[in-house]
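J.: Take this structure, written in C-alpha cells, and hold onto it; I'll ask about it next.
The values are calculated or read from the model by the stated rules, or taken from the named source; none is laboratory data. Everything numeric in this text was worked out from a predicted model, so none of it was measured. Cβ placement follows ideal geometry from the backbone for every residue including glycine, while neighbour counts extend to all protein chains displayed. Note: areas computed on protein heavy atoms with side chains; ligands, DNA, RNA excluded. Shrake-Rupley method; radii C 1.70, N 1.55, O 1.52, S 1.80 Å.
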Amino acid sequence: MADTLDSLPATSNQHDVASTPVRTTSSTAEKSKPRPSGFRGRPLHQIYALPAPIRTFPLPNFYPNNPLSLFHVVYAWVSQFISPPPAEPAIIHQGIWSPETRSIQIKDPKSIRALWEQGFFGKGNYSRSEPNWFKREQARKGKHYGHVAEDFTTQRREERKLMKWDRARKEQEAIQRTRLEEAWVAPVGPKELLALPNSEEDRKLAYLNAFASVNLDIDVTSLNDTLPEAEGDAVPTTPQMNGHSARPPTPPDTAKSRKTVRFSPEVESATFKLSDPPSPSAQPNGNAYAIDGTLSNGTPPLSQPTDLGISNPPLEESHELEVGSEPEPVIVDKEHLQLCLEETFYLVFALGALTVMDPATGKQFTPSDLFTLCRQVSYVPPRETNLQPDDPFLIQYAVYHHFRSLGWVTRPGIKFGVDWMLYNRGPVFSHAEFAVVVLPAYTDPWWKAEGREPPRKSWHWLHTIQRVQTTALKTLVLVYVDIPPPFGEDLSAVDILKRYKVREFIVKRWLSNRNRD
C-alpha cells in the first residue's frame, strides 16, 4: 500500500537550490513571474492514495454471477506466483530519538513527505499539522505556485471578518435610519415651515445632510478638523429639517489632508555603537541633508519636494537591486517531522517502516528496547524501574493501535482537550469525526483485591468536555482500557499488548425536546 521514494510526488521538500539572479535598474530588469490563476497541483486523492507506508497486493474479487472474474483471479494469482512482488516495506525510514522533547525527529525531506502523505504520521515542528513551512516561506516570497493550507485558512478568516464587519455596519445604519425617522417632529413654527424643502431634490439633500450629521458613512466631525477656515469669515451652513443647521459635508482637499509615510528600503541599526563612523554633517534635528543630497544618517532621500508641496512617489527602480549588490538570501528548509511515542512505536512494531537511532551511541533501537524506552519516558519524571501495567504509554498505545488497525487516521487531540481525534480519511479531506478520551479501568479481580480504583471524574468535567466537542461538531467517545494484573518484565511487547482490552462508549448530549422517548 505504500509508495516508494522514487515514485513520490514532486511536492517533496527537497528542492534544487539555484543561484539568485541579480536585478538591474534598467527597464528590462528580471521580475518575479505571476502565479497562474488556475494552478491547483495534483488532486488530493492521488497524493494521499496510500493509507499506510506499505504496499499490499490483494487478489481481485470473485463474483459467482460473473464467470470472467474467476479468470481474473487465476491470472492475478499465477502472475504473482511466477513474479512475486517485492517484500514490504520496501522503504524503511530513519528517525532520531530526541530526549529533550521525548519524541522522534525525521529530517530526511523524502521521508517527511512519505510519512505524511501515507498515513498522516507526525507534524511539522514549525507547522500546525502538515510540515509545509518551507512551502509557506516560498509562497510568502512569491517563489511557489502551489496552494498552502494555512494561506487558505487565513483567507477564509479574513473573509469572515469582513463579512461580520459589513453586517454590523448595515445593522448600525438601519438603527440610525430608524432613529432619524422616529426623531422627526412635524414643524409648527414659521421658521420651521420656511426651512422645509421646496422640491424633491431639496428634500433628498436635507436627508443626506441629516444622515451625515450622525456619523454613519461620513464623519462630519473629523472633516471639520481638516477643512481650512478663513479668518473673520463665517462658515456657511445648510438648513435641515426641523429648522436645525449643520455644516455641509464637503469632502476635504485630498492633496492637503492626505498623510503619507515613506520608509527607507534599507533597514539600518537603531542602536548607537562606538564603532559607527560619525555623520558627515550632523545636525541637531537629525534630518539635515549632506553635500551629496543624502540625509545625515547616510540614507538617500526617497523623494524630493516639488513646487506644489507634494512629495513625488518613490521610483520603482529604487526598490530593485543594483548591479553588484548582495543577492537575496536562499531559503533553507529547517523543518523536521516530529513523531510522538505512540506513532513511532506503531511504525516500528506494527508496520516495520521505521528505525530509530540513539544519538548518544549512534546505534539503532531494537523494538524491545524502544518499547522499554517509551514506557520509561511516559512517566513524569521518567523512571527506569518499577514500571506498572497502567503506565501512560501502554494505555495510550493500546487505544492508538486499536483504532489504527480499524482503518481510522488517529491524530493527537490536545487542541480539543481530548487524547485522540479520529479522521475517516485524513485531515486534508475532512474534519475529525470523533474525539476520544482514554480512561483506565481496573476490572480485574487482582486490582479489586488491592483496592485500586480509577481516577474519579466529576460531572462537571464530563459536561465541559462534551460541550467543547458539541460546539466543534464532533462526537465524544469514552474508551476504557482494562488494565491486566502485574506481569514480568521478561515478556515481549506482543505478549504484553495481548493482555489489554479496549471498550468504546459514545456519549451524546441529552436534549429534552429531542430525546423524549
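J.: Of the numbered conditions (1) surrounded by 15 or more Cβ atoms within 10 Å (Cβ to Cβ); (2) among the charged types (D, E, K, R); (3) modelled with pLDDT under 90; (4) out of contact with any Asp or Glu (no Cβ under 7 Å at 6 or more places or on another chain), Asp108 fails exactly one; give the number of that condition.
T.: Here Asp108 clears every test but (3).
J.: Moving on to the next point. May I ask you to say which residue of Pro64, Pro58, Pro53, Pro86 is in contact with a Lys or Arg (Cβ under 9 Å, 6 or more places away or on another chain) and on the phi < 0 side of the Ramachandran plot? Working first, answer last.
T.: Values: Pro64 fails: in contact with a Lys or Arg (Cβ under 9 Å, 6 or more places away or on another chain); Pro58 fails: in contact with a Lys or Arg (Cβ under 9 Å, 6 or more places away or on another chain); Pro53 fails: in contact with a Lys or Arg (Cβ under 9 Å, 6 or more places away or on another chain).
The unique qualifying residue is Pro86.
J.: Taking the condition part of a loop (DSSP other than H, G, I, E, B), without any contact (Cβ under 8 Å) to a residue 40 or more places away in the chain and either open to solvent by 30 Å² or more (accessible area, probe 1.4 Å) or not charged (D, E, K, R) (or both), does Pro85 pass? Lay out the reasoning, then the answer.
T.: Numbers: part of a loop (DSSP other than H, G, I, E, B): yes; without any contact (Cβ under 8 Å) to a residue 40 or more places away in the chain: yes; either open to solvent by 30 Å² or more (accessible area, probe 1.4 Å) or not charged (D, E, K, R) (or both): yes.
Spelling it out, Pro85 is indeed part of a loop (DSSP other than H, G, I, E, B), without any contact (Cβ under 8 Å) to a residue 40 or more places away in the chain and either open to solvent by 30 Å² or more (accessible area, probe 1.4 Å) or not charged (D, E, K, R) (or both).
J.: Restricting attention to segment 352-388, which residues are among the hydrophobic types (A, V, I, L, M, F, W, C) and assigned to a loop (DSSP other than H, G, I, E, B)? Working first, answer last.
T.: Step one: filter segment 352-388 for residues among the hydrophobic types (A, V, I, L, M, F, W, C), giving 353-354, 356-357, 360, 365, 370-371, 373-374, 377, 380, 387.
Within segment 352-388, Ala353, Ala360, Phe365, Val380, Leu387 meet the criteria.
J.: Which members of segment 496-509 meet the condition of being open to solvent by less than 70 Å² (accessible area, probe 1.4 Å) and in contact with a Phe, Trp or Tyr (Cβ under 8 Å, 6 or more places away or on another chain)?
T.: Taking segment 496-509 as the starting set, the residues that turn out to be open to solvent by less than 70 Å² (accessible area, probe 1.4 Å) are 496-497, 500, 502, 507.
Hits for segment 496-509 are Ile496, Leu497, Val502.
J.: Tell me yes or no: at least one residue of segment 466-482 is in contact (Cβ under 8 Å) with a residue 40 or more places away in the chain, in contact with a Phe, Trp or Tyr (Cβ under 7 Å, 6 or more places away or on another chain), assigned to a loop (DSSP other than H, G, I, E, B) and open to solvent by less than 70 Å² (accessible area, probe 1.4 Å).
T.: Yes, segment 466-482 contains at least one residue that is in contact (Cβ under 8 Å) with a residue 40 or more places away in the chain, in contact with a Phe, Trp or Tyr (Cβ under 7 Å, 6 or more places away or on another chain), assigned to a loop (DSSP other than H, G, I, E, B) and open to solvent by less than 70 Å² (accessible area, probe 1.4 Å).
J.: Looking at (1) open to solvent by 70 Å² or more (accessible area, probe 1.4 Å); (2) modelled with pLDDT of 90 or more; (3) closer than 30 Å to Lys107 by Cα, which one does Ser127 not meet, given that it meets all the others?
T.: Evaluating Ser127 over (1) open to solvent by 70 Å² or more (accessible area, probe 1.4 Å); (2) modelled with pLDDT of 90 or more; (3) closer than 30 Å to Lys107 by Cα leaves (1) as the failure.
J.: Another question about this same structure. Hey, does segment 385-396 have a residue that's modelled with pLDDT under 95 and hydroxyl-bearing (Ser, Thr, Tyr)?
T.: Yes, the conditions are met somewhere in segment 385-396.
J.: Looking only at segment 374-384, filter to residues that are within 23 Å of Val494 (Cβ to Cβ) and open to solvent by 30 Å² or more (accessible area, probe 1.4 Å); which one of those is farthest from the chain's Cα centre (by Cα)?
T.: Across segment 374-384, the extreme among qualifying residues is Glu384.
Listed here are the residues, each with its yes/no results for (1) modelled with pLDDT under 95; (2) surrounded by 18 or more Cβ atoms within 10 Å (Cβ to Cβ); (3) over 30 Å from Asp151 (Cα atoms).
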{"residue": "Pro89", "(1), (2), (3)": "yes, yes, yes"}
{"residue": "Trp97", "(1), (2), (3)": "no, yes, yes"}
{"residue": "Phe120", "(1), (2), (3)": "no, yes, no"}
{"residue": "Pro131", "(1), (2), (3)": "yes, yes, no"}
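J.: Under 8 Å between Cβ atoms, which residue pairs at least 6 apart in sequence (or on different chains) link something in segment 175-192 that is basic (Lys, Arg) with a partner that is surrounded by 10 or more Cβ atoms within 10 Å (Cβ to Cβ) and assigned to a helix (DSSP H, G or I)?
T.: Note: pairs meeting the criteria are Arg177/Phe211; Lys191/Gly243.
J.: Taking segment 34-67 only, how many residues are open to solvent by 100 Å² or more (accessible area, probe 1.4 Å), modelled with pLDDT of 85 or more and under 31 Å from the mean Cα position of the chain (by Cα)?
T.: 1
J.: Report, by residue number, each residue of segment 488-506 that is of a type in the set (A, V, I, L, M, F, W, C) and in contact with a helix residue (DSSP H, G or I) (Cβ under 6 Å, 6 or more places away or on another chain).
T.: Initial filter on segment 488-506 (of a type in the set (A, V, I, L, M, F, W, C)): 491, 493-494, 496-497, 502, 505-506.
Ala493, Val502 - these are the residues of segment 488-506 that are of a type in the set (A, V, I, L, M, F, W, C) and in contact with a helix residue (DSSP H, G or I) (Cβ under 6 Å, 6 or more places away or on another chain).
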